[in-house]
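To keep things clear, I will list the structure first and then write my remarks on it.
The values are calculated or read from the model by the stated rules, or taken from the named source; none is laboratory data. Nothing here was measured: the structure is a model prediction, and the numbers come from that model. With ideal geometry, Cβ positions are generated from the backbone for all residues, glycine too; neighbour counts draw on all protein chains shown.
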Amino acid sequence: MHLRTTLSAVLPLAAFFVLGACSTESVAEAQPAQSIEKSTKEPAPTARASIYDLQAPSLAGENVDLSSYTGKVSLVVNVASECGYTRQYDGLQKLHQEFAERGFQVLGFPCNDFGGQEPGSADEIGSFCRDKFGVTFPMFAKVKVKGDGPSPIYERLIAATGKTPGWNFCKYLVGKNGEVLHYWKSGTAPDSAELRTAIAKAL
């Protein structure tokens, strides 16, 4: 009688501890999976730093001190001459002209990282932009934007946003103090309402 009473009291308690151990173990097993999922995401943005602290060679080979752009809003674009998005040059030039008097400019950085779609020399790139699209905004020397050793300006753009260009004609909006404000993928056209609104707000 006493043994039966003791067992009936002990068994539910033993089951509770067994179930508790299983639950704790399940949680412990789930934690590594969460860590792996987080590690595959884009890097988190770091503390913002001004790109106007940097220097970059122009398409003509002259060293440009970007601090000369302090007080202006810039749209930094990795451009290419043989891309499906190359027609965006036209919209970028119109955007540059429309807002130039208010302190805005487009900054073009040719890049051959995607599909080898910017294979030309500096002279060829410059002639193509001027002759086909009438480009007057500042153009810089060819840069690397992904993988190991991106150019200093793209290293800073990526660090500030956590966004690496996935193709040609990705866009970073930079404020008057050189801090990066927004990022858009290639498919965002220069006449996009979202992009134009962000530029107007930054001005």
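Among residues that are out of contact with any Pro (no Cβ under 9 Å at 6 or more places or on another chain) and in a loop (DSSP other than H, G, I, E, B), Gly84 is included. For the range 170-182, the condition of being of a type in the set (Gly, Ala, Ser), at pLDDT 95 or above and closer than 18 Å to Gln93 by Cβ holds for none of the residues. From the list Ala193, Ala198, Ala202, the one residue that fits, being of a type in the set (A, V, I, L, M, F, W, C) and either on the phi > 0 side of the Ramachandran plot or touching a Gly at 6+ places or on another chain (Cβ under 9 Å) (or both), is Ala202. The listed residues are Pro150, Pro190, and the only one of them that is surrounded by 17 or more Cβ atoms within 10 Å (Cβ to Cβ), at pLDDT below 95 and not in a strand (DSSP E or B) turns out to be Pro150. Filtering the range 70-88 to residues that are hydroxyl-bearing (Ser, Thr, Tyr) and out of contact with any strand residue (DSSP E or B) (no Cβ under 7 Å at 6 or more places or on another chain) leaves Thr70, Ser81, Tyr85, Thr86. Residues in the range 139-167 that are over 12 Å from the mean Cα position of the chain (by Cα) and of a type in the set (S, T, N, Q): Ser151 only.
Mind telling me which of the residues Ala14, Ala44 ends up being on the phi < 0 side of the Ramachandran plot, modelled with pLDDT under 95 and not in a helix (DSSP H, G or I)?
Result of the check over Ala14, Ala44: Ala44.
If you check Phe137 against the conditions, is it modelled with pLDDT of 95 or more, on the phi > 0 side of the Ramachandran plot and touching a strand residue (DSSP E or B) at 6+ places or on another chain (Cβ under 9 Å)? For Phe137, the condition - modelled with pLDDT of 95 or more, on the phi > 0 side of the Ramachandran plot and touching a strand residue (DSSP E or B) at 6+ places or on another chain (Cβ under 9 Å) - is not met. Take the range 131-142 and flag every residue that is over 17 Å from Gly91 (Cβ atoms) and crowded, with 20+ Cβ neighbours inside 10 Å. Answer for the range 131-142, where residues must be over 17 Å from Gly91 (Cβ atoms) and crowded, with 20+ Cβ neighbours inside 10 Å: Phe140, Lys142.
Residues of the range 87-119 that are touching an Asp or Glu at 6+ places or on another chain (Cβ under 9 Å), part of a loop (DSSP other than H, G, I, E, B) and surrounded by fewer than 17 Cβ atoms within 10 Å (Cβ to Cβ): Gly115, Gly116, Pro119.
Of all residue pairs spaced 6 or more apart or on separate chains, those with beta-carbon atoms under 6 Å, a first member in the range 99-121 that is aliphatic (A, V, I, L, M) and a second member that is surrounded by fewer than 19 Cβ atoms within 10 Å (Cβ to Cβ) are Leu107/Pro138. Selection of the range 153-165 for residues being touching a residue at least 40 places away in the same chain (Cβ under 8 Å), surrounded by fewer than 21 Cβ atoms within 10 Å (Cβ to Cβ) and in a helix (DSSP H, G or I) yields Ala159, Thr161.
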